[in-house]
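Student: The structure's right below; bear with me while I get my questions together.
The values are calculated or read from the model by the stated rules, or taken from the named source; none is laboratory data. None of the values given here were measured: they were computed from a predicted structure. Here the Cβ positions follow ideal geometry from the backbone for every residue, glycine too, while neighbour counts run over all protein chains shown. When the accessible area is computed, the model is the full protein with side chains, heavy atoms only, and any ligands, DNA or RNA have been set aside. Shrake-Rupley method; radii C 1.70, N 1.55, O 1.52, S 1.80 Å.
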Amino acid sequence: MIVLIGFMGAGKTTVGRLLAEHLLMPFIDSDEVIERTEGLAVREIFATRGEAEFRRIEAATVTRLLAGPDVVLALGGGALTTPEVRAALGAHQVVLLDVAFEEALERVAADPGRPMLHKPDLSGLYDRRQDDYREAARVAVPVSGRSPRTVVEDVLAALGLDGVGE
Ligand code: S3P
């Protein structure tokens, strides 16, 4: 299992899709699975049930997916907030897509689907998440100012998978 982690706007979904296509593996985005199973957009889950309930659903979804068949899996930027998720990541190839705060904001600032953007002290949230990201990741790939294709090449190289699927 290849698991992509990183802050909102790091490109986990875009890079994950390309990576999966290249490796001929299925791609799964944990937020999409949550939206499908709950029948609600992430934004609506936050609005009607609150963040704590979203985290509970997210942790259950992610631990189930991590125990399932091999896929490229993109996690929501806050999934590692839950200790259960951090513990379940241990056995997998976890890749941090490392985005600078300013660039992350530029990429997602106008997106109404990301409720965490309205939190006070977003840069503090970004800073506080970095230790968890770095502890969980086997490799970190810088993404700021770089195209998804280039990032995919770097991920493949970092995992020793360059040449696979060519
Ligand atoms: C969140 C990130 C989102 C989504 C939810 C909460 C966060 O995923 O899971 O809005 O806490 O950072 P992306 O990282 O794909 O935007």
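Student: Can you tell which of Thr63, Thr13, Thr150 shows the greatest fluctuation in a Gaussian network model of the chain with Cα springs below 10 Å?
Tutor: Result for the chain, Cα springs under 10 Å: Thr150 fluctuates most.
Student: Moving on. Which value, in Å² and to the nearest 10, is the accessible area of Val141 when all protein chains are kept and the probe is 1.4 Å?
Tutor: 0
Student: Rounded to the nearest 20 debye, what is the charge dipole size of the stretch 29-166 about its Cα centre when +1 sits on each Lys and Arg Cβ and -1 on each Asp and Glu Cβ?
Tutor: So the magnitude is around 300 debye.
Student: Moving on. With a 1.4 Å probe and every protein chain left in place, tell me how much accessible area Asp98 has, in Å² to the nearest 10.
Tutor: Taking all protein chains as shown, Asp98 has close to 40 Å².
Student: Scattering from the C-alpha atoms of the stretch 1-99 alone, worked out with Debye: what is log10 I(q)/I(0) at q = 0.12, 0.16, 0.22 1/Å?
Tutor: Computed log10 I(q)/I(0) values: -0.35, -0.63, -1.19.
Student: Using a Gaussian network model of the chain whose springs link C-alpha atoms within less than 10 Å, name the residue from Gly90, Gly78, Gly145 with the highest mean-square fluctuation.
Tutor: The residue with the greatest mean-square fluctuation here is Gly145.
Student: Taking 1 over the mean of 1/r across every pair of different Cα atoms in the chain, what Kirkwood radius in Å do you get?
Tutor: Working: mean 1/r = 0.0624 Å⁻¹.
Averaging 1/r across every pair of different Cα atoms and inverting gives 16.0 Å.
Student: Calculate for the chain the 222 nm mean residue ellipticity that helices alone would give, adding -39,500 (n - 2.57) per DSSP H run of length 4 or more and normalising by residue count, nearest 500 deg cm²/dmol.
Tutor: After summing the helix terms and dividing by the residues of the chain, the value is -15500 deg cm²/dmol.
Student: In a Gaussian network model over the chain where Cα atoms closer than 10 Å are linked, find which of Leu89, Leu125, Leu75 has the largest mean-square fluctuation.
Tutor: Leu125
Student: Next up: So what's the gap between the Cα centers of the stretch 68-87 and the stretch 1-56, to the nearest angstrom?
Tutor: Value for the Cα centre distance between the two parts: 9 Å.
Student: Which Cα, out of Pro69, Val15, Ala59, lies furthest along the positive dipole direction of the stretch 2-158 (beta carbon charges, K/R +1, D/E -1)?
Tutor: After comparing all options, I get Pro69.
Student: Using 0.36 nm times the number of residues separating Ala100 and Thr150, minus their current alpha carbon distance, what extension gain do you get?
Tutor: So the extension gain works out to 16.3 nm.
Student: Given points 7 Å out from each Cα along the Cα-Cβ axis, report the Glu166 to Gln130 separation in nanometres with one decimal.
Tutor: About 3.3 nm separates the two model spin labels.
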